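Worksheet for the structure shown next.
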Amino acid sequence: MADTPRKRGRPRKHPIVVDTGTPELQRHRALRVNGADPTLSEDPLALMAAKKLIVPSQAEAGRYYAWLYRRAVRWPHLSTNVHYEQLAMNALPAPVEGDDALQALARRLYRRGKRRLLLESRLVAEATENVAVFGNWPQFLHPKSAKQQLPRTDAVQRQRDAIHKEAVIRGLSALEETYGLARRRTRP
């Protein structure tokens, strides 16, 4: 018998296993998205787009602003966080030495976005940065427990959630407009 060439790639014996998390985590994700795709529950911007609170270009503007923030504000400081994020494979690569032109451009674009957010209001700037840059889950995206679905809900908390949601949406709209992503929305 002639020797057949060995096939390259992953052996068939070892299929790719996707870890979907514990049953509790799966349930939490399903509750959080409330009928949407549970894989979108990892990112507040993706979940807001899935729930049709914002359009995808607004989520893209928030992610772009977060990238500019990391590029303009965070990289120059000495920290081990960058190394751990790269190990977790969720960080952008560290800037190359001598990449000053890109760094300066990122700072200008970041400051333009920050000024635009502050023109809206301080609340809009803080709420938008908390969601887009820091990935904090706003209260209005948290799943409602059975107790909160009873008629006796807290009116003050509902009003706060509505104000916060409007602030985040206004901030993402402002960023979308600032970075020229709103034009993409009107294209077919």
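The values are calculated or read from the model by the stated rules, or taken from the named source; none is laboratory data. Quantities reported herein were computed from a predicted structural model and do not represent experimental measurements. So basically every Cβ, Gly included, is an ideal-geometry build from the backbone, and we count neighbours across all protein chains shown. Note: areas computed on protein heavy atoms with side chains; ligands, DNA, RNA excluded. Shrake-Rupley method; radii C 1.70, N 1.55, O 1.52, S 1.80 Å.
Looking at this structure, is R170 surrounded by 10 or more Cβ atoms within 10 Å (Cβ to Cβ) and modelled with pLDDT under 60? No, not satisfied. Looking only at the range 50-94, residues that are at pLDDT below 65, assigned to a helix (DSSP H, G or I), under 18 Å from V133 (Cβ atoms) and open to solvent by 70 Å² or more (accessible area, probe 1.4 Å) come to 1 in all. If the condition is being part of a helix (DSSP H, G or I), open to solvent by 10 Å² or more (accessible area, probe 1.4 Å) and polar (S, T, N, Q), then the range 30-49 contributes only T39.
A Cβ distance below 6 Å, combined with a sequence gap of six or more or placement on separate chains, defines the contacts here; from the range 99-125, residues that are closer than 22 Å to R170 by Cα and assigned to a helix (DSSP H, G or I) reach residues that are open to solvent by 30 Å² or more (accessible area, probe 1.4 Å) and among the aliphatic types (A, V, I, L, M) in the pairs A125/L118.
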